[in-house]
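Just below is one structure, and these are the notes that go with it.
Every number in this text was worked out from the coordinates using simple rules, so none of it is lab data. Keep in mind that what you see is a predicted model, and the values were worked out from it rather than measured. FYI the Cβ positions are ideal-geometry reconstructions off the backbone, even for glycines, and counts take in every protein chain you see.
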Amino acid sequence: MGRRTRSKKAVCPRCGETVESAEHVPFEEKLYTLHCTACPRRVAARHDDPHFWGIEESVARRLGGGGPSFFDELMEGIGAALMPCSCGGTFSPMAAPRCFECGEVLGEVPDGHTLVGPPEGYVVEAHWRPDCLPSMRPGLSDQGSRGNRPPGDNDG
Ligand SMILES: [Zn+2]
Ligand SMILES: [Zn+2]
């Protein structure tokens with residue numbers, strides 16, 4: 001399959017569980033992972049979700065189309081739009097992955113990596129806040145492949 005994802009192994013400093021992490025390639029996988037600030041659960045926001053498009057659109061509008069901070073702002077926007085975790089924590093792009101066994105923060109997991117093979121129940125669906133409005137338009141990163149006009153129609 002030739003996927004060029006790098007994987008690493010990390011050992012939990014508390015319980016010794018070995019966990020594997022793989023580099024996730026957001027624009028290829030179309031999957032954006034945010035961890036809970038308080039437990040090992042995580043949310044994978046799907047790129048074909050209209051709520052996702054809405055966030056993408058508003059970030060693009062704010063930044064004037066894109067720019068180097070686009071991805072960071074997008075991830076922050078997703079985190080802010082997600083309902084809190086059932087444990088009471090929140091899903092944040094700043095939250096570190098945690099050991100599935102004991103919940104300890106795994107400091108060795110590098111940025112941009114996500115733990116693979118979580119037990120059932122640790123990957124939860126994205127539940128959006130009521131004030132996060134869906135968009136009818138497909139995401140910006142699909143532009144070009146469909147021959148759509150570039151975003152530039154300012155309606156404000
Ligand atoms: Zn552990
Ligand atoms: Zn949680």
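Provide the gained length on full extension for the span LEU133 to ALA96, in nm with one decimal, where the gain is 0.36 nm per separating residue minus the Cα-Cα distance.
10.6 nm
Report P(r) for the range 37-107: all Cα-Cα distances, bin width 5 Å, range 0 to the bin holding the largest distance, values in whole percent.
3, 16, 23, 21, 16, 11, 7, 2, 0
Taking 7 Å along the Cα-to-C-beta vector as the label spot, tell me the SER69-VAL116 distance in nanometres, rounded to one decimal.
3.4 nm
Rounded, prolate or oblate: which fits the range 76-118 when a ≥ b ≥ c are the square roots of the eigenvalues of the alpha-carbon gyration tensor, with rounded for a/c under 1.5 and prolate only if a/b beats b/c?
In terms of gyration-tensor shape, oblate.
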